[in-house]
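None of the figures in this text is laboratory data; all of them are computed from the coordinates on show. Everything numeric here is computed off the predicted structure, so don't read it as measured data. So basically every Cβ, Gly included, is an ideal-geometry build from the backbone, and we count neighbours across all protein chains shown.
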Amino acid sequence: MKNRGSQQRLWKPVIIVFIIALLSYMIYYGSRRIENQDIHQPLAALFGTIYFLAIFFGPLYIFTTNYVQEFSLGKRILTASAIPFLWMTKDVIVSMGSHPFLECLYWYLNPLSVWMVCLLAIEMGLGTILGRFLLKRRGQPIKVVSVGPVLSILIGAIAFGGIYAWGQGENLFSLYLDGYRLLFGSGI
Amino acid sequence: MTSKSKIPAKAGSYNRRDALKILGVALASGLTTLVLSKLKKSQDDVINPVSPYQRISLGQNTQVYQRDFATKQIQSNGKSPNIIFILGDNHHFQTMGCAGHPFIQTPGIDQIAKEGIIFENTFSPTPLCSPSRATFLTGAYAHKHGVKNNHTPWTGQMTTFLEYLSLNGYATAFIGKWHMPGEGLPEMPFLDLFVSYTYREGQGAYFNCPMIVDGEEVPSRKPYITEEITDYAIEFIQANLAQDKESRPPFCIYLAHRPGHPPYQAPDEISGMYDDADVTQVLPDLVDPWWYGKANRNVFQGIMMGSYYNQYRKYCETLTAMDRDIVRILEMLDQEGLRENTIVIYMGDNGMQWGTHDCHGIREPYEESIRLPFIVSAPWLIPDPGTRRGQAALNIDIAPTLLEIAGVPIPRDMDGESLVPIFMNPDVEGRDSFLLEFWRYFPENTPSYKGIRTQQYKYVEFERGRKPWLFDLQEDPGEQANLYDTTEGKKILPELKSMMESY
């Protein structure tokens, strides 16, 4: 029972973010069916933004929440990565409409995913600091800022910004395609 | 510049080139006799609008097609004309001032249209960059020239029209975007000037793109890429003009631009010029600012691109930047008195879908993706400048068209047909169908397909994941109602399938 309760607490923030992402995704896509542009456009803008925020910053919420609940680092990483992984998996499934399964798996390595991993590193560092800050406010004697999370933020930010500075991601995309050709040739 | 390309030839390529030269001499001598005999008969002949070609056998494997009328009729004052072929990238066929676009400024392209003709029904049978580019050069469908997607290397298994022109005395230059896979740039020693780049998969960069000039990498001389490659083109013309007037060869410049391809970046003086443009009058209603993500089932990807509306504005800015340099070329031709003897063509390599059918980009067999802008001016050939042609033209037609204009026999292995009869006569009948073919290209989400497009119908079979498409383009030009499972569709299907298999 105790274990089940622990699992529920661990996955609860993931489920919250997932539901927000799913609902905003459905409303965003569904809004196109509304012919009245005065309604369609604001709905698309609002729920497109929420969907984006859920994918982008949901991991920060999940990691922070699970830090405060004192789950292990491994579990925090696992749960914080769940939403981005689902998002990538959705695209892998979509690409199966055109490409064989093995090639679709290669989609996981695309530059957007790499960017997402960089962002995750930043968010995990931030989540650690935020979590410590919240725990300290609750009276725990804890050092808020330490080398580990700061390094995680720095490495993530440098990688994220570096990829952008290096040809706005185009150069990384070229490497990605080189890798594809190495593994699969032209694919046909 | 007048020296041939410095790229060293491989052992095998010398033999091939040599063989081509021998073939060229053989063709020239054989055809001279043939054409002279025909000249006597047909100097005053009217062009046969229905079947203008005769197959001429010049020995084993050397069949060519020769039009049954005097070559002089399609040349300017009996001289071989100069050729300037300008290629844009992912240029939607209506995103030009002369096509009625509400805000884009393209005075250069508009000028070509005013002095020439606009082809309103021009297509790329394989709407993807590398296959289309190989098709322009070879006059063949992708299944024949072998560049099937952007990962398939250019093998040089077919001879380019530039090589044929070179063998027949033209000074030839390839300048700009090559963008076909392979180890660097190919060997093209027949070119008098070969300027291109391999940077970023051959896509290049809008600013400070390192260039490869006759095999040697050099830094860019001008920051913006359209200005950079246009300078090379202008210098090539200037060097040609510097030669003795009586002995200088005609020139052919293949000028391939980057604008139209993302990430869209325009020079400072153009950047922002469409910031206030109302793009909603051009983009379909279902598009919203996040829309790129919606089209790709992924808002995150859309966000990485920024606002879709701004993407479209910046796309237009790059096309205007390219047009600015097209104006420079036209002005130079005017200054040097070359316009009357120069054919100028503007085309795009593919179309572009900006939101129609929930799609963004190229690849899909929808009309917006396969349709190309195609504008041509040739004062001595076109009797009705400023008009339009409705006949179907394809990118496979460019090579044979330019060869015919240059007075060079059209090789039998080219799939395209010369468009010269249509240039000269708006009432000439055009083709009634063409093949659509596409090979999946990772990571883009379009399956391989094969199809046929006639004047009325489009039928497409997909390798996986989709039901076949059958659209009646006359009744349903927006391609909204798939007739595949309908009674009407089942009635027409056998004929379309049979036509498709005939290619």
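Below is a table of values for the structure above.
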{"item": "Length released on extending from B:K497 to B:Q335, taking residue separation times 0.36 nm less the Cα-Cα span", "result": "53.0 nm"}
{"item": "Fraction of the pair-distance distribution of segment B:88-244 above 20 Å, Cα-Cα pairs, percent", "result": "59 percent"}
{"item": "Principal axis dimensions, largest first and in whole angstrom, of segment B:184-338 by Cα", "result": "60, 35, 23"}
{"item": "Degrees separating the helix A:73-95 axis from the principal Cα axis of chain A, which is the longest one", "result": "20 degrees"}
{"item": "A:L46 paired with B:A242, simple spin-label distance in nm, labels 7 Å along Cα-to-beta-carbon", "result": "6.7 nm"}
{"item": "Rounded to 5, percent antiparallel among DSSP beta bridges of the protein assembly as shown", "result": "60 percent"}
{"item": "In nm, spacing of pseudo-spin labels at A:I19 and B:D285 (7 Å Cα→C-beta vector)", "result": "3.4 nm"}
{"item": "Computed Kirkwood radius, in angstrom, where 1/r is averaged over Cα pairs of segment B:289-404", "result": "17.0 Å"}
{"item": "Amide H partners (placed H, <5 Å) of A:G97, local residues excluded", "result": "none"}
{"item": "At R0 = 51 Å, FRET efficiency that the Cβ-Cβ distance of A:L109 and B:E235 yields, to 0.05", "result": "0.75"}
{"item": "Rg(Cα)/(2.2 N^0.38 Å) for segment B:143-193, N = residue count", "result": "1.20"}
{"item": "Dipole magnitude (debye, nearest 20) for the protein assembly as shown, charges at Cβ of Lys, Arg, Asp, Glu", "result": "2900 debye"}
{"item": "B:D276 paired with B:N310, simple spin-label distance in nm, labels 7 Å along Cα-to-beta-carbon", "result": "1.9 nm"}
{"item": "Two-decimal Rg to Rh for segment B:76-151 - Kirkwood Rh, Cα set", "result": "1.04"}
{"item": "Under the Karplus curve 6.51 cos²θ - 1.76 cosθ + 1.60, θ = phi - 60°, whole-Hz ³J(HN,Hα) for segment A:155-161, x wherever Gly or Pro sits", "result": "4, x, 5, 5, 5, 4, x"}
{"item": "Shielding of A:94-104 by partner chains, average beta-carbon count, 10 Å", "result": "5"}
{"item": "Rg in Å to one decimal, and Dmax rounded to a whole Å, for segment B:348-455 via C-alpha atoms", "result": "16.0, 46"}
{"item": "Neighbour-count ranking [beta-carbon atoms within 10 angstrom, fewest first] of B:R248, B:R313", "result": "B:R248, B:R313"}
{"item": "Sorted largest first, extent of segment A:32-188 alpha carbons per principal axis (Å)", "result": "61, 48, 30"}
{"item": "Cβ-derived FRET efficiency at R0 56 Å, B:E488 paired with A:Q8, nearest 0.05", "result": "0.45"}
{"item": "From phi via Karplus (6.51, -1.76, 1.60), per-residue ³J(HN,Hα) for segment B:220-235 in Hz, x at Gly/Pro", "result": "5, 9, 10, x, 8, 5, 5, 5, 4, 6, 5, 4, 4, 5, 5, 5"}
{"item": "Chain A: relative contact order in percent, alpha carbon pairs under 8 Å with at least 6 residues between", "result": "19 percent"}
{"item": "Proxy reagent accessibility, fewest Cβ within 10 Å first, across B:Y484, A:Y28, B:Y199", "result": "B:Y484, B:Y199, A:Y28"}
{"item": "Relative contact order of segment B:175-220, defined on C-alpha pairs under 8 angstrom at six or more residues apart (%)", "result": "33 percent"}
{"item": "Per-selection metrics, segment B:166-208 (Cα): Rg and Dmax in Å", "result": "11.8, 36"}
{"item": "Above-threshold pairs, the threshold being 26 Å between Cα atoms, out of B:K222/B:K245; A:K90/B:K144; B:K148/B:K497; B:K314/B:K467; B:K148/B:K491; B:K114/B:K458", "result": "B:K222/B:K245; A:K90/B:K144; B:K314/B:K467; B:K148/B:K491; B:K114/B:K458"}
{"item": "Whole-Hz ³J(HN,Hα) from phi, Karplus 6.51 cos²θ - 1.76 cosθ + 1.60, for segment B:410-416, glycine and proline x", "result": "8, x, 5, 7, 7, 7, x"}
{"item": "Interchain or long-range residues, amide H under 5 Å from B:Y141's placed H", "result": "B:D415"}
{"item": "Per-residue Cβ neighbour rank within 10 angstrom, fewest leading, B:T320, B:T487, B:T401, B:T152", "result": "B:T487, B:T320, B:T152, B:T401"}
{"item": "Inverse of mean 1/r across different Cα pairs in segment B:111-195, Kirkwood, Å", "result": "14.2 Å"}
{"item": "Over the protein assembly as shown - Rg/Rh using Cα atoms and the Kirkwood inverse-distance radius", "result": "1.03"}
{"item": "Interchain or long-range residues, amide H under 5 Å from B:A393's placed H", "result": "B:N121, B:T122, B:F123"}
{"item": "Under 14 Å from the A:I158 label point (7 Å along Cα→beta-carbon), backbone N, segment A:98-131", "result": "A:122"}
{"item": "Semi-axes of the equivalent ellipsoid for segment B:382-443, Cα gyration tensor, largest first, Å", "result": "25, 17, 11"}
